[in-house]
1. Give the residue that is most open to solvent (accessible area, probe 1.4 Å), with candidates limited to residues of segment 94-108 that are part of a helix (DSSP H, G or I) and over 16 Å from residue 119 (Cβ atoms).
2. With 249, 288 as the choices, which residue is of a type in the set (D, E, K, R), more than 26 Å from residue 51 (Cβ to Cβ) and either within 16 Å of the ligand (Cβ to nearest atom) or not in a loop (DSSP other than H, G, I, E, B) (or both)?
3. Restricting attention to segment 1-36, and to residues there that are at pLDDT 95 or above and polar (S, T, N, Q), which single residue is most open to solvent (accessible area, probe 1.4 Å)?
4. When you go through 314, 298, 282 one by one, which is the residue that is out of contact with any Leu (no Cβ under 9 Å at 6 or more places or on another chain) and either among the small types (Gly, Ala, Ser) or open to solvent by less than 40 Å² (accessible area, probe 1.4 Å) (or both)?
5. Could you please let me know if residue 379 is closer than 21 Å to residue 277 by Cβ, open to solvent by less than 30 Å² (accessible area, probe 1.4 Å) and either away from the ligand (no atom under 16 Å from the Cβ) or modelled with pLDDT of 90 or more (or both)?
6. Residues in segment 338-345: is at least one out of contact with any strand residue (DSSP E or B) (no Cβ under 9 Å at 6 or more places or on another chain), open to solvent by 10 Å² or more (accessible area, probe 1.4 Å) and away from the ligand (no atom under 16 Å from the Cβ)?
7. Spot the failing condition for residue 297; the list is (1) under 18 Å from residue 261 (Cβ atoms); (2) away from the ligand (no atom under 12 Å from the Cβ), and only one is missed.
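The values are calculated or read from the model by the stated rules, or taken from the named source; none is laboratory data. Keep in mind that this is a model prediction, so the values were computed, not measured. Neighbour counts are summed over all protein chains in view; Cβ atoms, including those assigned to glycine, are modelled from backbone coordinates with ideal geometry. Side chains are part of the model used for accessible areas, which takes the heavy atoms of the whole protein and leaves out ligands, DNA and RNA. Shrake-Rupley method; radii C 1.70, N 1.55, O 1.52, S 1.80 Å.
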Amino acid sequence: MSVRRKTRKVIVGDKLHGFVGIGGDAPVALQTMTSTYTYDIDATVAQINALHRAGADLVRVAVPDKRDTAALKEILNQVRVPLIADVHFHFERALEAIEAGIHKIRLNPGNIKDRPKVEKVIAACRERKIPIRVGANEGGIVERQDKSQRAEEKAALEKDYRGHMTAIMVEKLEEYLRIFADNDFYDVVLSAKSVDPQIVLSAYSEISRRFDYPLHLGVTHAGPPETGRIRSVVALGALLAQGIGDTIRISYAADPVYEVEDGKELLQVLGLRLRTEPELIACPTCGRIEIDLISMMAEVRKRLAEIPVPVKVAVMGCVVNGPGEAEGSDVAVFAGKHRGVIYVQGEQVATVTEDQMLDRLFEEVRKFASKVERGEAQLRNQKVEIKPPDPIGELGSGWEKIRQEKGTPLPVLR
Ligand code: SF4
């Protein structure tokens, strides 16, 4: 992982809803957006609370209509996470949301273009110390009204779509930001989303070179989780690994709780967020498998959801590669010949038959989790080494090679 890019920092929130930093020394914040009609107060509050419980640091709501901004005050009374108002076309919605106590505004340079209107929003945000995200989405910034301009843009885009689109997004941001700089307003977060991960990568790389504002990363309109997951994670993961990005939102055409779950997992595997739930590692199975590991896995996942500490559990299909691959897990089961050997932090605690495996595994997981809660055991503190049964053979072990090379570890991706 590269060192995080240095940016300005904005603070979102208040005493009642908590404060979340974006950029600077703040950890990468995870956000999502509700899919309810904001004017439906009960449904919106229920969804915001579910998203907050799932791990969202910030939640954005759409305010297309006056009745949506009219609902904000009551929604804010009933939730305890900072909220962002997503404003398109009507700058008045931003002013109403600010009046209602919203914590951050998102403006789209593609559809709120008039300087006096933007300046009114800036003035209101300055008064309440509210940051603004300037979000130039690919779909929202191409000229749509002027026919001749549209034809000209279309012709250019046909030649090098990605290159031109990246340039348009960056230029639009630069142009819009001049209004903010002229008004001496720097509480700004930037985004430049596209459905195309390659445009996302190039746009954010360029923006990070040009500006020191914090960045909100996202791949927009990514589709359902099944297809949107890869395009989102490949772009966001690559940027975060390069130290680019201060808040993320994964967008799915599904219950937004999936956005939060996947965003959390992405930040956790990159070491950008502390893991709070159990972690499951499992072998992909192969021709050596002698139990029904795939069905067992679904049950393990379900039962792990009830375990309150971030215990690492490994479920491996055999004793050939399993032990080596499961090293570092807190509780592990290695299956073979319709039996399973269970280890707790490297110590063998039981050998059971296939039908007893799941229950015994969870007996050990629960026992271990309780010990962690009581402070009698530590996570990832393997006391006994699990020795893989494979003979080292004439090629020797990996460690042997490292010793011969004078123990120099290779650099991790920069
Ligand atoms: S742990 Fe064993 S069964 Fe599972 S993939 Fe590795 S070798 Fe195959």
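1. Taking segment 94-108 as the starting set, the residues that turn out to be part of a helix (DSSP H, G or I) are 94-100.
From what is left, the residues that are over 16 Å from residue 119 (Cβ atoms) are 96-97, 99-100.
On the way: 96: 44, 97: 0, 99: 124, 100: 20 Å².
Within segment 94-108, the match that is most open to solvent (accessible area, probe 1.4 Å) is 99.
2. On the way: 249 fails: more than 26 Å from residue 51 (Cβ to Cβ).
Exactly one residue qualifies, and that residue is 288.
3. 35
4. On the way: 314 fails: out of contact with any Leu (no Cβ under 9 Å at 6 or more places or on another chain); 282 fails: out of contact with any Leu (no Cβ under 9 Å at 6 or more places or on another chain).
Being out of contact with any Leu (no Cβ under 9 Å at 6 or more places or on another chain) and either among the small types (Gly, Ala, Ser) or open to solvent by less than 40 Å² (accessible area, probe 1.4 Å) (or both) holds for just one of 314, 298, 282, which is 298.
5. No.
6. no
7. In the conditions (1) under 18 Å from residue 261 (Cβ atoms); (2) away from the ligand (no atom under 12 Å from the Cβ), residue 297 misses (2) alone.
Here is a yes/no grid of residues against (1) in contact with a helix residue (DSSP H, G or I) (Cβ under 6 Å, 6 or more places away or on another chain); (2) assigned to a loop (DSSP other than H, G, I, E, B); (3) at pLDDT below 65; (4) not aromatic (Phe, Trp, Tyr):
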site	(1), (2), (3), (4)
348	no, no, no, yes
357	no, no, no, yes
360	no, no, no, yes
384	no, yes, yes, yes
396	no, yes, yes, yes
399	no, no, no, no
